[in-house]
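Beneath this line is the structure, given in structure tokens, with notes to follow.
We did not get these values from a lab; they are worked out from the coordinates using the rules stated. Please read all numbers here as calculations on a predicted model, not as lab measurements. Using ideal geometry, Cβ is built from the backbone for each residue, glycine included, and neighbour counts are taken over all protein chains shown.
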Amino acid sequence: MTEIADQFTEERSGEVTRISHWIDGQRVEGQSGRSGPVYNPALGAQTGEVDFASVEEVDAAVQAAKRAFESWRTVSLSRRTELFFRIRQLVHEHSEEIARFLTLEHGKVLSDAKGEVARGLEVIEFCCGIPELLKGEFSEQASTGIDVYSIRQPLGVVAGITPFNFPAMVPMWMWAPAIACGNAFVLKPSEKDPSASVFTAELLKEAGLPDGVFNVVHGDKVAVDAVLEHPDIAAVSFVGSTPIARYVYETATAHGKRVQALGGAKNHMIVLPDADIEMAADAAVSAGYGSAGERCMAVSMLVAVGGAADELVSAIQERLPKVKVGSGLEPDSEMGPLVTREHRDKVASYIDRGREEGATVVADGRETAPDGDGFYLGVSLLDDVRPEMDVYKDEIFGPVLGVTRVDTYDEAVRLVNENPYGNGVALFTRDGGVARQFQFDVKAGMVGVNVPIPVPVAYYSFGGWKSSLFGDLHVYGPEGIQFYTRGKVVTARWPDPATSKVDLGFPQTR
Ligand code: NAD
């Protein structure tokens, strides 16, 4: 176990650990005098205090990255590959420890936390193929004696700002391709669950990554604004809620940066009357309540078409009492607490709001939440939800699943297409023709056919449409490589001294 992991065991309960920045290959205690609490949501108790960076501290990280970039970009592709294989191995060996950090600070159950690390690891594995990914094009004899070729080069210092709900995987979506492409990276993780990022920094150092190539600064809006406005940061990747994603996009682009800013979601799962209802009910329960609904790809709205509704609602209702809610460290827990008390209370308030707006409360999670101080809420199900209700419109981001009933496929697709978000969507049907039409019709970035959470594998790219993404390029996969590099085209002539002569005309291609 590393130094940080060592301090960070559940037995330390009662004591509050200080969580510091990671700059230029070492832990750096914050000097700003500002910090924030980190909780163990299962205990409802504070376990950490995380330093909040000042503008000067963000600058120190950027300057370290800037210095490191100059030599990192010269490291050969074969050495980078070798290093990424070591990183892959270390993250794999320590995946259980990383998962524990997630469970202890985020609250998700350990099996889910391990799943998160595994999906992040896939992105690191993809980056082990960096020589192949950075290959350019070559055109011999584009004109007589002239060859043309393209190369992709890193941008310089790039930054990532990440949300609380995937404290390991989302940073991996960013730093792995950014660093593999030859950039130096500054991460501003969520202040709610920051420890996994510092632990990752230790692992990267142990793998042999040069100091300064990966830095972590913690904090709030002060740190984020310092990143967005910093003249030495070339690009910003952001994942979080839509209002902040829009703000990040507008501010960082106004400061001349390349930006990909992924926002919130309201993911619909459409169930047609011909669907396998048992399969759809299993999928709805796992995609609606997994990670306590705190996933940007969680299904939050079921759209039951025609005769599917009654059967679907009763199949889900049957399953709800079996969802075991408890501490993420308990092996039989299937759903943990929410991330903070405030967030739990906000999510719970939507149950009353739904009732007031005319929805039918089929299950009220407040009645089934475990006792104690943990930030728990049981599973909730709202039927007869209508599109004009707040419980339909808002991203609740908790274990509250809504059902809306429509008569036709066209109505269901219209609901999805008119929604301001466009992250994920799923269709449950046995009809291949309808599914094919759906993939053509639907306005969302990630589509599942009988798959409720269609997070793309690491060799495709992840991103939504509409208010779920500001910017052009999706994260990781081929678009991630494109985001973290810029193209250059070289036109070269090696003159034959026998035939060369001065030509002052405009370059011709024939
Ligand atoms: P958030 O927007 O509150 O925070 C995200 C990041 O922005 C954090 O690092 C936070 O410190 C920073 N931040 C918060 N308020 C800020 C402000 N006023 N100014 C500047 N920076 C600020 O999001 P969250 O609550 O941590 O995460 C949940 C949200 O993230 C949900 O909306 C979810 O849908 C979304 N999300 C989206 C995706 C996706 O891929 N589209 C993935 C995961 C999460």
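Brief remarks follow.
- A Cβ distance below 7 Å, combined with a sequence gap of six or more or placement on separate chains, defines the contacts here; from the range 215-241, residues that are farther than 14 Å from HIS21 by Cα and touching a residue at least 60 places away in the same chain (Cβ under 8 Å) reach residues that are among the basic types (Lys, Arg) and more than 9 Å from the ligand (Cβ to nearest atom) in the pairs ASP232/LYS66; ILE233/LYS257; ALA234/LYS257; ALA234/ARG258; ALA235/LYS257; ALA235/ARG258; VAL236/LYS257.
- PRO452 passes every criterion in (1) outside any loop (DSSP other than H, G, I, E, B); (2) buried (at least 20 other Cβ atoms within 10 Å of the Cβ); (3) not aliphatic (A, V, I, L, M) apart from (1).
- When residues in the range 324-354 are screened for being surrounded by fewer than 24 Cβ atoms within 10 Å (Cβ to Cβ) and either in a loop (DSSP other than H, G, I, E, B) or touching a Lys or Arg at 6+ places or on another chain (Cβ under 6 Å) (or both), 11 of them pass.
- Pairs where the first residue, in the range 182-196, is among the β-branched types (Val, Ile, Thr) and the second is within 14 Å of the ligand (Cβ to nearest atom) and in a loop (DSSP other than H, G, I, E, B), C-beta under 7 Å, 6+ apart: VAL186/VAL217
- Residue list for the range 300-313, restricted to those being out of contact with any Ser or Thr (no Cβ under 9 Å at 6 or more places or on another chain) and within 16 Å of the ligand (Cβ to nearest atom): SER300
- Contact annotation: residue pairs with Cβ atoms under 7 Å, 6 or more positions apart or on different chains, pairing a residue in the range 84-95 that is of a type in the set (Lys, Arg) with a partner that is assigned to a helix (DSSP H, G or I), are ARG86/ALA207; ARG88/LEU121; ARG88/ILE124; ARG88/GLU125.
- Flag if LEU427 is in contact (Cβ under 8 Å) with a residue 60 or more places away in the chain, within 21 Å of VAL123 (Cα to Cα) and outside any helix (DSSP H, G or I): no
- Any hit, the range 489-503, residues being within 16 Å of the ligand (Cβ to nearest atom) and either in contact (Cβ under 8 Å) with a residue 60 or more places away in the chain or out of contact with any Gly (no Cβ under 9 Å at 6 or more places or on another chain) (or both): no
- If you filter the range 164-211 down to residues that are among the small types (Gly, Ala, Ser) and outside any helix (DSSP H, G or I), you find that the one that is nearest to SER76 (Cα to Cα) is GLY182.
- Yes/no for PHE506 being in a helix (DSSP H, G or I) and either touching a Cys at 6+ places or on another chain (Cβ under 9 Å) or among the aromatic types (Phe, Trp, Tyr) (or both): no
- Scope the range 420-430; condition more than 21 Å from the chain's Cα centre (by Cα) and surrounded by fewer than 24 Cβ atoms within 10 Å (Cβ to Cβ); matching residues: THR429, ARG430
- Residues that are closer than 17 Å to ARG341 by Cα and within 22 Å of the chain's Cα centre (by Cα) within the range 34-54 comprise VAL38, TYR39, ASN40, PRO41, listed in sequence order.
- Tally of residues being charged (D, E, K, R), near the ligand (Cβ under 10 Å from one of its atoms) and either under 18 Å from ALA184 (Cβ atoms) or not in a helix (DSSP H, G or I) (or both) across the range 219-265: 1
- Selection count where residues are within 16 Å of the ligand (Cβ to nearest atom) and either among the polar types (S, T, N, Q) or surrounded by fewer than 24 Cβ atoms within 10 Å (Cβ to Cβ) (or both), scope the range 139-162: 1
- Conditions (1) touching a strand residue (DSSP E or B) at 6+ places or on another chain (Cβ under 7 Å); (2) within 15 Å of the ligand (Cβ to nearest atom); (3) not in a loop (DSSP other than H, G, I, E, B); number of the one not met by ALA444: (3)
- Test for GLY464: is it within 16 Å of the ligand (Cβ to nearest atom), under 11 Å from VAL425 (Cα atoms), crowded, with 20+ Cβ neighbours inside 10 Å and within 17 Å of the chain's Cα centre (by Cα): yes
- Every condition in (1) farther than 26 Å from GLY115 by Cα; (2) free of Cβ contacts under 8 Å to residues at least 60 places away in the same chain is met by VAL303 except one, and the failing one is (2).
- For the range 183-203, filtered to residues that are touching a Gly at 6+ places or on another chain (Cβ under 9 Å) and under 17 Å from ALA68 (Cα atoms), the residue that is nearest to the ligand (Cβ to nearest atom) is LEU187.
- Selection from the range 117-136 of residues that are without any contact (Cβ under 8 Å) to a residue 12 or more places away in the chain and assigned to a helix (DSSP H, G or I): GLU132
- ALA178 vs. criteria more than 14 Å from the ligand (Cβ to nearest atom), buried (at least 24 other Cβ atoms within 10 Å of the Cβ) and closer than 22 Å to GLU116 by Cβ: yes
- ALA435 meets each of the listed conditions (1) within 24 Å of ARG246 (Cα to Cα); (2) surrounded by 14 or more Cβ atoms within 10 Å (Cβ to Cβ); (3) not acidic (Asp, Glu) apart from (1).
- Of the residues making up the range 211-250, those that are crowded, with 18+ Cβ neighbours inside 10 Å and not hydrophobic (A, V, I, L, M, F, W, C) are GLY212, ASN215, HIS218, GLY219, HIS230, SER237, GLY240, THR242, TYR247, TYR249.
- Only a single criterion out of (1) in a strand (DSSP E or B); (2) under 19 Å from THR485 (Cα atoms); (3) not aromatic (Phe, Trp, Tyr) is not satisfied by GLN141, namely (2).
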